[in-house]
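Coordinate-derived values only; no laboratory data. Worth saying up front: this structure is predicted, and the values here are computed from it rather than measured. Note that we place each Cβ from the backbone using ideal geometry, even for glycine, and neighbour counts take in every protein chain shown.
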Amino acid sequence: MHIKITSEKLDTQKLIEMVEDDGAGAIDIFLGVVRNNMKGKKVISLDYHCYEAMSQKKLEEIVNETYKKFDVKNIAVEHRIGHLQIREASVVIVVSSAHRGASFEACRFVIEEIKKKVPIWKKEYFEDGETWVEGYSPDVP
Amino acid sequence: MKIKILFFAIYKEITGTAKLELEVPEKTDGLKLQEILEQKFPDLIKLRGVGKLAVNLDYSPMETVLEDGDEVTFIAPVSGG
């Protein structure tokens, strides 16, 4: 397992090398990237803010759950924080598995869980202002 | 007892602070803490019912009774990924 929250540019190739496994027949990659519009309104750039200690813990829980649910070899996840430009990657998830189905499904599961549980907030900057993006209100046990 | 309160995102903007050490009565729960903070930062009333309580890095019901030394925050709807 590799999990990191970083303000540096994400390096997908590095994560691919981390999950490589002689028994893996598939490596699936998901990149979340910065889009230039929010419901048609032009986005200039954005900021990701984060509660780092809790985000690290929630990411570990998500990845541990993913290992239990899917037959995968290795999982590596990095989330970028700070100021990002259009087209830059904000999150990268890389999963290896013996057969492709498990890594596709695991990758999807990880990103959906991140969007629901990890305390990271996105602020979008427009030509005429800025706004916090309201995503998902986390479930409380 | 003393607790540590962290503010992020919209909470940080409204309170103008990232961290607060606060003396609160014994048996203070999330609801009571919300009231205490709203007295300190009246604009937080706008966020009532919006944020989820987190205690020591886990989401917790508002009725959770806090303990000395707890690290507490309110989590606005998240938008990572």
With -39,500 (n - 2.57) per DSSP H segment of 4 or more residues and division by the full residue count of chain A, the 222 nm estimate, nearest 500 deg cm²/dmol, is -10000 deg cm²/dmol
List A:125, A:51 from most exposed to least, where exposure is judged by having the fewest other Cβ atoms within 10 Å. A:125, A:51
Cβ under 12 Å from residue A:101's Cβ, residue A:101 left aside: what net charge do those residues give with Lys, Arg +1 and Asp, Glu -1? -1
I'd like the antiparallel share, as a percent to the nearest 5, of DSSP beta bridges with both residues in the protein assembly as shown. 85 percent
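Tell me the net charge near residue A:88. Cut-off is 10 Å between Cβ atoms, residue A:88 excluded, with +1 for each Lys or Arg and -1 for each Asp or Glu. Don't skip to the end; give the middle numbers.
Values: positive: A:9, A:80, A:87; negative: none.
Local charge sum for residue A:88: +3.
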Pick out, in residue order, every one of the GluC sites (Glu not before Pro) in chain B that is DSSP loop and has at most 16 other C-beta atoms within 10 Å; say none if there are none. B:26, B:63, B:67
In terms of the alpha carbon gyration tensor, root eigenvalues a ≥ b ≥ c, rounded if a/c is under 1.5 and otherwise prolate when a/b exceeds b/c or oblate, the protein assembly as shown is oblate
Per residue of A:126-132, count partner chain C-beta atoms within 10 Å of its C-beta, then hand back the mean as an integer. 1
Would you mind telling me which residue in A:90, A:103, A:45 has the biggest mean-square fluctuation in a Gaussian network model of chain A, where springs connect alpha carbons within a distance under 10 angstrom? A:45
Using alpha-carbon coordinates, inclination of helix B:30-40 to the longest axis of chain B, degrees: 70 degrees
Summed over the other residues with a beta carbon less than 14 angstrom from that of residue A:121, with K and R at +1 and D and E at -1, the charge totals +3
Can you bin every Cα-Cα distance in chain B into 5 Å intervals starting at zero and give me the percent of pairs per bin, rounded to whole numbers? 3, 16, 30, 29, 17, 4, 1, 0
Of all trypsin sites (Lys or Arg not before Pro) in region A:71-119, the ones in DSSP coil with at most 15 other Cβ atoms within 10 Å are A:87
